[in-house]
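Trainee: Before I ask anything, here is the structure I am working with.
Every read-out reported here was derived from the displayed coordinates using simple, explicitly stated rules and does not represent laboratory data. Treat the numbers as computed from the prediction; the structure is a model and nothing was measured. A quick note on method: Cβ atoms are made from the backbone with ideal geometry, for glycine too, and the neighbour counts reach across all protein chains shown.
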There are 2 protein chains.
Amino acid sequence: MIAKEAISIDKAATALKLMGDKTRLTMLRILADHDCCVCEFVEIFDMSQPSVSQHVRKMKDIGMIKEQRRGQWIVYSLNEAFESYDMIQSVLHHLPVQEHHLEELIKKGKRISCE
Amino acid sequence: MIAKEAISIDKAATALKLMGDKTRLTMLRILADHDCCVCEFVEIFDMSQPSVSQHVRKMKDIGMIKEQRRGQWIVYSLNEAFESYDMIQSVLHHLPVQEHHLEELIKKGKRISCE
DNA sequence: TGCTTATATAATTATATGCCTATATACTAA
DNA sequence: TTAGTATATAGGCATATAATTATATAAGCA
């Protein structure tokens with residue numbers, strides 16, 4: 001740790017557990033670069049809307065991501081105020097960018113959020 | 001990522017899932033500074049020996065930690081050759097040191113491994 | 001050899017997880 | 001208000017997880 005407070009093992013474990021799922025980890029890696037709404041994740045993961053919603057909810061419940069309603073859509077983004085934010089970022093920086101998912105989304109005309 | 005290969009989302013998720021357990025995460029934080037054997041973890045976590053063994057086994061199975069027999073004991077340590085080693089290290093550096101567990105162990109005369 | 005200690009494995013049980021379908025809620029626009 | 005789209009929630013089911021107890025394996029030593 002360089003010039004930062006260590007977070008508790010408990011809080012870190014809670015965050016890491018959520019990150020230990022392939023779908024959520026990919027969502028987080030995408031959110032590191034782009035805000036997204038649920039319907040975009042549904043497209044990307046080819047998964048039912050309730051399944052996506054539940055993944056998103058778990059991350060929102062512990063404060064890992066935050067939501068912002070934009071008209072009909074609810075746009076999700078990483079929560080920089082989350083206590084484990086720095087740890088999450090350092091993990092995400094070890095992972096490959098997921099731009100192909102965004103490009104695919106745009107190609108299909110399904111991209112919603114604008115940043 | 002600075003001058004390193006990104007690891008796959010899949011492999012990262014597998015590692016993070018194991019790290020998402022409080023007991024294993026604490027073990028890893030300890031192993032970041034000290035090699036340990038199973039019987040030391042049993043002391044530290046006040047948990048049955050088979051439970052400790054199973055946690056250790058899961059981490060060993062994916063290559064996250066490695067073992068080395070030393071007489072009667074099997075000493076475990078972080079595996080620097082593990083593909084997600086750098087990611088793991090950056091996570092562990094966000095966590096508080098666990099020296100108190102080692103000190104407690106020494107105080108009880110239960111410290112085994114010597115480094 | 002036989003006893004002790006350390007560790008691993010097997011079987012069981014309770015709980016957690018992740019997916020689905022069905023349904024409810026909330027906003028937009030006609 | 002009514003229809004359409006986006007999202008959330010509830011309930012069910014199959015699988016995964018983490019703990020336990022009982023037992024097996026392996027090394028050290030008398």
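Trainee: Any idea which of (1) away from DNA strand D (no atom under 14 Å from the Cβ); (2) in contact (Cβ under 8 Å) with a residue 24 or more places away in the chain; (3) more than 17 Å from B:A12 (Cβ to Cβ) is the one A:A32 doesn't satisfy?
Mentor: In the conditions (1) away from DNA strand D (no atom under 14 Å from the Cβ); (2) in contact (Cβ under 8 Å) with a residue 24 or more places away in the chain; (3) more than 17 Å from B:A12 (Cβ to Cβ), A:A32 misses (3) alone.
Trainee: Sticking with this structure for a sec: Of all residues being within 12 Å of DNA strand C (Cβ to nearest atom), touching a strand residue (DSSP E or B) at 6+ places or on another chain (Cβ under 7 Å) and of a type in the set (A, V, I, L, M) in the stretch A:39-84, which is farthest from the other protein chains (Cβ to nearest Cβ)? Just the residue, please.
Mentor: Checking each candidate, the answer is A:I74.
Trainee: Considering only the stretch B:67-115, state which residues are out of contact with any Lys or Arg (no Cβ under 9 Å at 6 or more places or on another chain) and among the hydroxyl-bearing types (S, T, Y).
Mentor: B:Y85, B:S90
Trainee: Here is a further query. If you take the residues of the stretch B:69-115 that are touching a residue at least 12 places away in the same chain (Cβ under 8 Å) and within 14 Å of DNA strand D (Cβ to nearest atom), which of them is surrounded by the fewest Cβ atoms within 10 Å (Cβ to Cβ)?
Mentor: B:R70
Trainee: Shifting gears a bit: Mind checking which residues of the stretch A:36-53 are under 30 Å from B:Q89 (Cα atoms) and surrounded by fewer than 21 Cβ atoms within 10 Å (Cβ to Cβ)?
Mentor: A:F45
Trainee: Right, something else. If A:V56 satisfies all but one of (1) touching a Gly at 6+ places or on another chain (Cβ under 6 Å); (2) within 8 Å of DNA strand D (Cβ to nearest atom), what's the number of the condition it fails?
Mentor: The one condition A:V56 does not meet is (1).
Trainee: Could you count how many residues in the stretch A:87-104 are at the interface with chain B (Cβ under 9 Å from one of its Cβ atoms), more than 18 Å from B:L25 (Cα to Cα) and either of a type outside the set (A, V, I, L, M, F, W, C) or touching a His at 6+ places or on another chain (Cβ under 6 Å) (or both)?
Mentor: 4
Trainee: Looking only at residues in the stretch A:84-111 that are assigned to a loop (DSSP other than H, G, I, E, B) and touching a helix residue (DSSP H, G or I) at 6+ places or on another chain (Cβ under 6 Å), which one is nearest to B:S90 (Cα to Cα)?
Mentor: Among those that are assigned to a loop (DSSP other than H, G, I, E, B) and touching a helix residue (DSSP H, G or I) at 6+ places or on another chain (Cβ under 6 Å), it is A:H94.
Trainee: Let me ask something else about it. Quick one: is A:G20 among the small types (G, A, S) and away from chain B (no Cβ under 14 Å)? Give the steps one after another, and end with the answer.
Mentor: Details: among the small types (G, A, S): yes; away from chain B (no Cβ under 14 Å): no.
Criteria not met by A:G20.
Trainee: Could you tell me how many of the residues in the stretch A:16-29 are away from DNA strand D (no atom under 11 Å from the Cβ) and of a type in the set (D, E, K, R)?
Mentor: Going through the stretch A:16-29 one residue at a time, the tally reaches 3.
Trainee: Within the stretch A:24-71, which residues are assigned to a strand (DSSP E or B) and farther than 16 Å from A:L102 by Cβ?
Mentor: Restricting attention to the stretch A:24-71, the residues satisfying the condition of being assigned to a strand (DSSP E or B) are A:36-37, A:65-70.
Matches in the stretch A:24-71: A:I65, A:K66, A:E67, A:Q68, A:R69, A:R70.
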